[in-house]
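Engineer: The structure under discussion is supplied below as structure tokens; questions concerning it will follow.
The values are calculated or read from the model by the stated rules, or taken from the named source; none is laboratory data. Every value quoted in this text rests on a predicted model; they were computed, and no experiment measured them. We place every Cβ from the backbone using ideal geometry, glycine too, and count neighbours over all the protein chains shown. Only protein heavy atoms, including side chains, enter the accessible area calculation; ligands, DNA and RNA are left aside. Shrake-Rupley method; radii C 1.70, N 1.55, O 1.52, S 1.80 Å.
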Amino acid sequence: MVHLLAFESSCDDTSVAVLRAEEGDSIPKLLSLSVQSQWDVHAKYGGVVPELASRAHLQNIVPCLEKVLSEANLKISDIDFFAATQQPGLIGCLLIGHTAAKTLSMLYKKPLISCHHIEGHLMSIHLENTPEFPYLTLVVSGGHTSLYLVKSLDEYELLGFAIDDAAGEAFDKGAKLLGLPLPGGPEIDKLAALGDPKKYRFGKVNTPLFNFSFSGIKSELVRIKNREAENLSPKDAAASYQSAILDHLFNKIESATKTYKTNRVAFVGGVACNSELRRRAHQPGFLTPYFPDLRFCTDNAAMIGVLGYRKFLRREFSDLTSDVISTSRPSFRKTA
Ligand code: KG4
Ligand code: ZN
């Protein structure tokens, strides 16, 4: 039996989790999870302020750590290894979680495992159930939109990624344009439910293969807002904008299901919380969709724990010279 402690601090959520795996388990069991959001700190600035985010992580990380250990009824000396997000993210934020794991690893002489945040999102689906292989995974978060073909627990092939803004970024920027508070995704989600998605027309997005682009949709929203001026209906604009983002995502998914001959699709990352996205994915006869629980869609350390455990089984340890990395392409692991 092994216990692991996982840290996630790549952006504006401080999260720590304790997981346990029995001999032969392929996925660990989550014992406790703490997620401390910082939106109250950033709200008045209209976006995440990196320096404030790092300071908030510093304040939140020890209380989060104490909470998960006490909920799991464990002491830090019971932990067999430490996992933390190493990349990509805000450098000062990554440093807090990664340095915490590094320090504990050094003090308790237990292994350190450095993780890729997007790979963590990809693994979040396994916290509850693992789809039959192969299946597709759409990672839709604030910083990334990418599509993978997942062949096994350790083999995934990157099929395409966003060439400009990520889908979550498009939700957040669109919300700002419509005067909604941040984070914009949940606000657009709520307002769109009251509006007409066909009221404002958005052109079809054309990108090569399975790549995504959302900046054109955002520019169209700017044009619509300027054209309509005081006649703009915010709820119809939210519904039409959300619909344009989802049309683009589902067009790519539909074509990938045909190319790769599987209709099993996992949706992970913050935007996978979107209610219209979930409704469309569940339309009868379309896909066999898989979603993590809402608390595992947005940033959390439980998903880093699942990835950390797979890396532990693969003996992919980091040494104490390992450092955080702010940006990286979403192709972290090649298939065999
Ligand atoms: O995965 P996540 O917590 O952080 C990143 O790795 O980026 O995703 C955050 C993103 C934000 O852009 C947020 O607006 C979006 O997820 N989001 C949503 C919803 N809930 C969160 N987007 C659309 N509809 C939602 N209900
Ligand atoms: Zn994320």
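Engineer: Pick from Leu209, Leu112, Leu33: which is most flexible by mean-square fluctuation in a GNM of the chain where alpha carbon atoms under 10 Å apart are linked?
Structural biologist: Of Leu209, Leu112, Leu33, the most mobile in the Gaussian network model is Leu209.
Engineer: Give the percent of DSSP beta bridges with both residues in the range 131-291 that are antiparallel, rounded to the nearest 5.
Structural biologist: Counting only bridges with both partners in the range 131-291, antiparallel ones make up about 60 percent.
Engineer: Could you run the Debye sum over the Cα atoms of the range 14-111, one equal point scatterer each and no solvent, and tell me log10 of I(q)/I(0) at q = 0.10, 0.19, 0.24 Å⁻¹, two decimals?
Structural biologist: -0.31, -0.98, -1.33
Engineer: Please give the calculated 222 nm ellipticity per residue for the chain, where each DSSP H segment of at least 4 residues contributes -39500 (n - 2.57) and the sum is spread over every residue; nearest 500 deg cm²/dmol?
Structural biologist: -12500 deg cm²/dmol
Engineer: Given the Cα atoms of the range 141-226, and with Rh set as the inverse mean 1/r over their pairs in the Kirkwood sense, what is Rg to Rh to two decimals?
Structural biologist: 1.04
Engineer: Using alpha carbons only, what's the Rg to Rh ratio of the range 214-293 with Rh from Kirkwood?
Structural biologist: Rounded to two decimals, Rg over Rh is 1.06.
Engineer: Towards the positive end of the charge dipole of the range 213-336, with charges on Cβ (+1 Lys, Arg; -1 Asp, Glu), say which of Phe286, Cys273, Ala229 has the farthest Cα.
Structural biologist: It is Phe286, whose Cα lies furthest towards the positive end.
Engineer: Oh, and also: So for the pair Asp154, Ser77, with labels modelled 7 Å out along Cα→Cβ, what separation do we get in nm?
Structural biologist: 3.3
Engineer: Where is the GNM fluctuation largest for the chain (alpha-carbon springs, 10 angstrom cutoff): Ser318, Ser124, Ser105?
Structural biologist: Highest fluctuation among the options: Ser318.
Engineer: Could you order Asp319, Asp164 so the one with the most accessible surface comes first? Probe is 1.4 Å.
Structural biologist: Most to least solvent-accessible, the answer reads Asp319, Asp164.
Engineer: While we're on this one: Find which of Gln36, Leu90, Ile79 sits farthest along the positive direction of the dipole of the range 18-131, computed with +1 on the beta-carbon of Lys and Arg, -1 on that of Asp and Glu, about the Cα centre.
Structural biologist: Projecting each Cα onto the dipole axis, the largest value belongs to Leu90.
Engineer: To continue, here is another question. Specify which residue in the list Phe171, Ser146, Leu158 is farthest towards the positive end of the charge dipole of the range 131-291, using unit charges on the beta carbon of Lys, Arg (+1) and Asp, Glu (-1), about the Cα centre.
Structural biologist: Highest projection toward the positive end goes to Phe171.
Engineer: A follow-up question, please. Over 26 Å between C-alpha atoms is what I'm after, so list which of Lys102/Lys151; Lys252/Lys311; Lys190/Lys225; Lys75/Lys311; Lys44/Lys252 land there.
Structural biologist: The answer is Lys102/Lys151; Lys252/Lys311; Lys44/Lys252.
Engineer: Using unit Cβ charges (K, R positive; D, E negative) and no other charged atoms, how large, in debye to the nearest 20, is the dipole of the chain about its Cα centre?
Structural biologist: That gives a dipole near 660 debye.
Engineer: Can I ask one more? The range 1-31 to the range 206-246: how many Å between their Cα centroids?
Structural biologist: 38
Engineer: Can you tell me which of Ala72, Ala229, Ala170 moves the most in a GNM of the chain? Springs connect C-alpha atoms under 10 Å apart.
Structural biologist: Ala229
Engineer: Out of every Cα pair in the range 131-291, what percent are spaced more than 29 Å from each other?
Structural biologist: Here the long-distance tail beyond 29 Å is 16 percent of all Cα pairs in the range 131-291.
Engineer: Got a number for carbon plus sulfur as a percent of the chain's accessible area, 1.4 Å probe?
Structural biologist: The C+S portion of the solvent-accessible surface of the chain is 53 percent.
Engineer: For Ser26 and Arg314 in one chain, what is 0.36 nm times their gap in residues minus the Cα-Cα distance, to one decimal in nm?
Structural biologist: Gain on extension, Ser26 to Arg314, equals 102.5 nm.
Engineer: How long, wide and thick is the chain, going by the Cα atoms along their three principal axes, in whole angstroms, largest first?
Structural biologist: So the three principal-axis extents are 63, 47, 31 Å.
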